[in-house]
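Here the structure comes first, spelled out in structure tokens, and everything after it is commentary.
Values quoted throughout were computed directly from the atomic coordinates according to the rules given, and no laboratory measurement underlies them. Note that the structure is predicted; figures quoted are calculated from it, not measured. Here the Cβ positions follow ideal geometry from the backbone for every residue, glycine too, while neighbour counts run over all protein chains shown.
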């Protein structure tokens with residue numbers, strides 16, 4: 001399968017281990033060529049709305065899918081989601097909530113705030129890899145977004 | 001009081017009105033006052049009886065009945081006061097008064113030793129306070145289960161993931177023993193993942209509200225059996241599902257009860273060529289007992305107490321898999337429905353798990 005050159009994923013994840021595992025999983029499906037990692041909620045918001053010039057924004061790079069962990073230092077995932085979905089510029093970006101939490105209030109809150117999918121990271125790495133790369137494939141290759 | 005002789009020589013009593021010289025105003029005053037007292041004394045016990053019948057949980061319930069009896073007796077003495085204005089039935093009035101005296105002294109004698117215990121009853125404020133404390137503890141537990149869900153799973157995922165990464169990247173250079181050790185790490189990481197998931201579903205249960213509806217247990221049991229059978233296509237298990245009376249309960253939760261009990265029956269008959277599972281019901285004493293019986297491994301009844309505890313297992317993991325949460329979950333669900341669950345078994349001769357569920361909508 002040949003991939004479009006502009007495949008871009010913003011991964012918002014504070015755990016270095018989870019970042020590494022997620023990248024491995026994406027790499028296994030050749031989806032890891034352009035992944036940007038934000039290590040907390042503030043960094044993710046800086047990417048989109050920051051006052052300082054952001055190198056990536058300068059180049060007009062917009063991620064095509066955001067993988068968002070819910071439990072983040074500084075600004076938590078639900079807050080990031082709320083900001084993204086309430087701003088005209090970012091509202092149409094697909095956000096996949098990717099978290100350890102299986103707690104129902106989180107799931108309900110994430111959907112209420114406009115999350116496009118919700119994936120509970122399984123403990124089993126194989127299942128985790130499958131979940132991550134299926135999400136990547138779906139949102140990057142199959143889903144038609146408004147341009 | 002005056003005694004007059006009427007015809008015969010036997011003396012007889014005069015009606016009370018005679019003492020009042022049949023003065024209409026005085027008669028009217030006594031009549032009205034005694035009537036009102038009697039009316040009040042009869043309505044108080046009626047109110048008390050109505051109250052204790054509605055609130056069977058009230059402590060010292062019987063004391064209210066005694067009060068009711070004593071006050072009703074007092075009411076009757078006032079009715080007799082009216083009667084004796086015109087009819088001199090003083091013996092009847094005296095006997096009724098004696099009965100009331102007994103009821104009064106009995107009530108007093110029963111009530112006084114009760115007072116120290118009544119003083120110790122928690123007040124509404126104390127209960128309110130206890131309730132607030134429980135709510136706080138409950139919230140803490142929720143936070144706890146949230147962190148278990150979140151914080152304990154993440155390192156486990158890393159353990160499993162990096163063990164696999166090691167196997168993938170360096171597998172060829174590792175000898176068989178190193179690969180076996182890696183496998184042990186991964187198996188245990190996954191097992192702990194299952195334990196955490198099960199524990200969380202147990203804790204979620206406490207917070208979920210019950211949505212009761214009429215349930216066709218036989219239909220639900222058939223669906224569970226079909227699902228279990230399709231998960232193990234190689235196995236032959238004879239399943240009998242008897243007619244099961246309708247129960248009232250939360251569909252999702254009762255489904256979990258059936259999945260666990262029937263699942264256990266399937267699990268513990270594994271390896272038996274003549275595996276048999278029977279799902280039936282007995283009705284008696286106004287309630288229905290549903291049961292799931294198998295002819296599998298069973299267990300020693302001396303461990304029956306441990307059966308429903310969290311993480312308690314009566315079999316080694318290499319005999320029968322499991323996390324030890326299933327029956328704890330079953331017990332919690334059945335208790336939340338106001339039912340009972342118990343087991344009966346013998347080693348190698350199978351087990352029977354029975355439970356009750358309400359047959360009608362619960363009032364609370």
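At residue B:232 and residue B:170, where each label point lies 7 Å from the Cα along Cα→Cβ, what is the point-to-point distance in nanometres?
3.9 nm
As a footprinting exposure proxy, order A:85, B:236, A:27 by other Cβ within 10 Å, with the fewest listed first.
Numbers: A:85 17, B:236 10, A:27 14.
Exposure proxy ranking, most exposed first: B:236, A:27, A:85.
Could you compute the FRET efficiency for residue B:276 and residue B:201, with r as their C-beta to C-beta distance and R0 at 35 Å, rounded to 0.05? Spell out each step's value before the answer.
Working: r = 29 Å, r/R0 = 0.84.
That pair, residue B:276 with residue B:201, gives E of 0.75.
Once every Cα of the stretch B:31-91 carries one equal point scatterer and solvent is ignored, give the base-10 log of I(q)/I(0) from the Debye formula at q = 0.24, 0.25, 0.26 Å⁻¹, two decimals.
Each listed q maps to, in turn, -0.88, -0.92, -0.96.
So for the stretch B:1-155, Kirkwood radius off the Cα pairs, Stokes-Einstein at 37 °C and 0.692 mPa s: how many µm² s⁻¹?
On the way: Rh = 20.8 Å.
Here the translational diffusion coefficient equals 158 µm²/s.
List B:42, B:170 from most exposed to least, where exposure is judged by having the fewest other Cβ atoms within 10 Å. Provide the component values of the computation, followed by the final result.
Working: B:42 17, B:170 12.
Starting with the residue having the fewest Cβ neighbours, the order is B:170, B:42.
Quick one: Debye curve from the alpha-carbon atoms of the stretch B:89-148 only, equal weights, vacuum; give me log10 I(q)/I(0) at q = 0.19, 0.20, 0.21 Å⁻¹ to two decimals.
Normalising to I(0) and taking log10 leaves -0.81, -0.83, -0.86.
Can you give the Rg and Dmax of the stretch B:281-364 based on its C-alpha atoms, in angstrom?
14.1, 46
Any chance you could give the angle, 0 to 90 degrees and rounded to 10, that helix B:217-231 forms with the longest Cα principal axis of chain B?
10 degrees
Once label points are set 7 Å from the Cα along Cα→Cβ at both residue A:87 and residue B:187, what is their separation, rounded to one decimal in nm?
5.0 nm
Starting from 0.36 nm per residue, how many nanometres of slack lie between residue B:111 and residue B:56 once their C-alpha separation is accounted for? Provide the component values of the computation, followed by the final result.
On the way: separation 55, 0.36 × 55 = 19.80 nm, distance 1.88 nm.
Length difference between fully extended and current span is 17.9 nm.
Cα atoms only: what Rg and Dmax, in Å, come out for the stretch B:268-307?
13.3, 39
Tell me, what does the Kirkwood hydrodynamic radius of the protein assembly as shown come to in angstroms if you use every pair of distinct C-alpha atoms? Walk me through the numbers on the way to the answer.
Details: mean 1/r = 0.0329 Å⁻¹.
With all distinct Cα pairs of the protein assembly as shown included, I get 30.4 Å.
Taking a label point 7 Å from the Cα of residue B:349 along the Cα→Cβ vector, which residues of the stretch B:274-306 have an amide N closer than 14 Å to it?
Within reach of a label on residue B:349, which here means backbone N under 14 Å from a point 7 Å along Cα→Cβ, the stretch B:274-306 contributes B:294-302.
Can you pull the Kirkwood radius for the stretch B:180-248, inverse mean 1/r over Cα pairs, to one decimal in Å? Can you show the working numbers first?
Details: mean 1/r = 0.0627 Å⁻¹.
Hydrodynamic radius (Kirkwood, Cα pairs) of the stretch B:180-248 is 15.9 Å.
Suppose we keep just the alpha-carbon trace of chain B; what are its Rg and Dmax in angstrom?
35.8, 134
Express in whole angstrom the spacing between the alpha-carbon centres of the stretch B:37-112 and the stretch B:272-298.
That distance is 54 Å.
How would you rank A:88, B:168, going from fewest to most other Cβ atoms within 10 Å of each one's own Cβ?
Values: A:88 6, B:168 12.
Ascending number of Cβ neighbours within 10 Å: A:88, B:168.
Compute the angle between helix B:61-86 and the longest alpha-carbon principal axis of chain B, please, reported from 0 to 90 degrees and rounded to the nearest 10.
That works out to roughly 20 degrees.
Express the C-alpha Rg of the stretch B:80-122 as a ratio against the empirical globular expectation 2.2 N^0.38 Å, rounded to two decimals.
Working: Rg = 16.8 Å, N = 43, 2.2 N^0.38 = 9.2 Å.
Normalised by 2.2 N^0.38 Å, the Cα Rg of the stretch B:80-122 equals 1.83.
Determine by what factor the alpha-carbon radius of gyration of the stretch B:133-255 differs from 2.2 N^0.38 Å, reporting the quotient.
Working: Rg = 21.5 Å, N = 123, 2.2 N^0.38 = 13.7 Å.
That works out to 1.57 for the stretch B:133-255.
Mind pulling the angle between the C-alpha long axis of helix B:124-147 and the longest principal axis of chain B? Nearest 10 degrees, somewhere in 0 to 90.
Tilt relative to chain B: about 10 degrees.
Calculate the translational D of the stretch B:211-351 in whole µm² s⁻¹ from Stokes-Einstein, where the hydrodynamic radius comes from the Kirkwood formula applied to all Cα pairs, the temperature is 37 °C and the viscosity 0.692 mPa s.
Answer, rounded: 211 µm²/s.
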